[in-house]
Amino acid sequence: EEAYERLRTSGVELVFNVAEGLRGADREAQIPAMLEMLGMPYTGSGPLSLALCLHKGKAKELLSYHGIPTPTFQVLRHPHEPLSEAFAFPLIVKLLHEGSSMGLSYGSIVDTPQTLVARAMYLMQTYSQPVLVEQFVDGREFTVPILGNTPARTLPVIEVLFQGPRN
């Protein structure tokens, strides 16, 4: 809560930003916004990128608007909300405002309307936020870290391994 004043008087030359913020769906954008206000250089993405990426629904809307393919999706604010007819099972249910794999497990992949409602209800009650339902895409997942801007340099590719029984 004292971050702004502490940063303002710190005298640091560069901030390695790994901050999460305190509360709200845009919490990862809080420290970078303060740093920009103070004119302090920092590593990582800017406030707009962080806020957009932490809201999976808005990120997917933006991608779709620009013609970038993304699996069919829908934000659910209630577990019994009707699902678009554009979907075919299996689906995957994710938290709307979380990064990494928070809330994801093999139970996130649902094959029936009943398991969809159960998973959505579990996530909404446990994490107090809406969920994103997407068409499930089976395949391998990779992360490609990028360092710098001009010129940007790619670091080694990381494969995310999601193994184990699906139940």
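The values are calculated or read from the model by the stated rules, or taken from the named source; none is laboratory data. What you are looking at is a predicted structure, and each value in this text was computed from that prediction instead of being measured. Every residue, glycine as well, gets a Cβ built from its backbone with ideal geometry; the counts of neighbours run over all protein chains shown. Surface areas here come from the heavy atoms of the whole protein model, side chains and all, with no ligands, DNA or RNA. Shrake-Rupley method; radii C 1.70, N 1.55, O 1.52, S 1.80 Å.
Picking from LEU116, LEU52, LEU104, which residue would you name as being touching a Leu at 6+ places or on another chain (Cβ under 7 Å) and at pLDDT below 95? Among LEU116, LEU52, LEU104, only LEU52 is touching a Leu at 6+ places or on another chain (Cβ under 7 Å) and at pLDDT below 95.
On the basis of being under 17 Å from the mean Cα position of the chain (by Cα) and in a loop (DSSP other than H, G, I, E, B), does GLY57 make the cut? So GLY57 does not fit the description; no. Residue count for the range 75-101, restricted to those that are closer than 27 Å to ALA19 by Cα and part of a strand (DSSP E or B): 4. In the set GLU85, GLU159, GLU98, GLU134, only one residue is in contact (Cβ under 8 Å) with a residue 12 or more places away in the chain, at negative phi, out of contact with any Leu (no Cβ under 8 Å at 6 or more places or on another chain) and of a type in the set (Asp, Glu); that residue is GLU159.
Name the residue that is nearest to ARG6 (Cα to Cα), counting only residues in the range 29-75 that are touching a Phe, Trp or Tyr at 6+ places or on another chain (Cβ under 8 Å) and of a type in the set (Ser, Thr, Tyr). Residue satisfying both the conditions and the ranking: TYR42. If only residues of the range 65-74 that are under 17 Å from the mean Cα position of the chain (by Cα) and not in a loop (DSSP other than H, G, I, E, B) are counted, the one that is surrounded by the fewest Cβ atoms within 10 Å (Cβ to Cβ) is GLN74. Restricting the range 75-126 to residues that are of a type in the set (D, E, K, R) and surrounded by 13 or more Cβ atoms within 10 Å (Cβ to Cβ), the residue that is nearest to ALA25 (Cα to Cα) is GLU98. Candidates are the residues of the range 127-153 that are at pLDDT below 90 and among the hydroxyl-bearing types (Ser, Thr, Tyr); the one that is most open to solvent (accessible area, probe 1.4 Å) is THR150. With respect to the conditions (1) in contact with a Phe, Trp or Tyr (Cβ under 7 Å, 6 or more places away or on another chain); (2) touching a residue at least 24 places away in the same chain (Cβ under 8 Å), ASP111 falls short on a single one, namely (2). Within the range 28-54, being assigned to a helix (DSSP H, G or I) and more than 12 Å from the chain's Cα centre (by Cα) holds for ALA29, GLN30, ILE31, PRO32, ALA33, MET34, LEU35, GLU36, MET37, LEU38, PRO47, LEU48.
For the range 5-27, filtering for residues that are open to solvent by less than 80 Å² (accessible area, probe 1.4 Å), farther than 29 Å from TYR65 by Cβ and in a helix (DSSP H, G or I) leaves 1.
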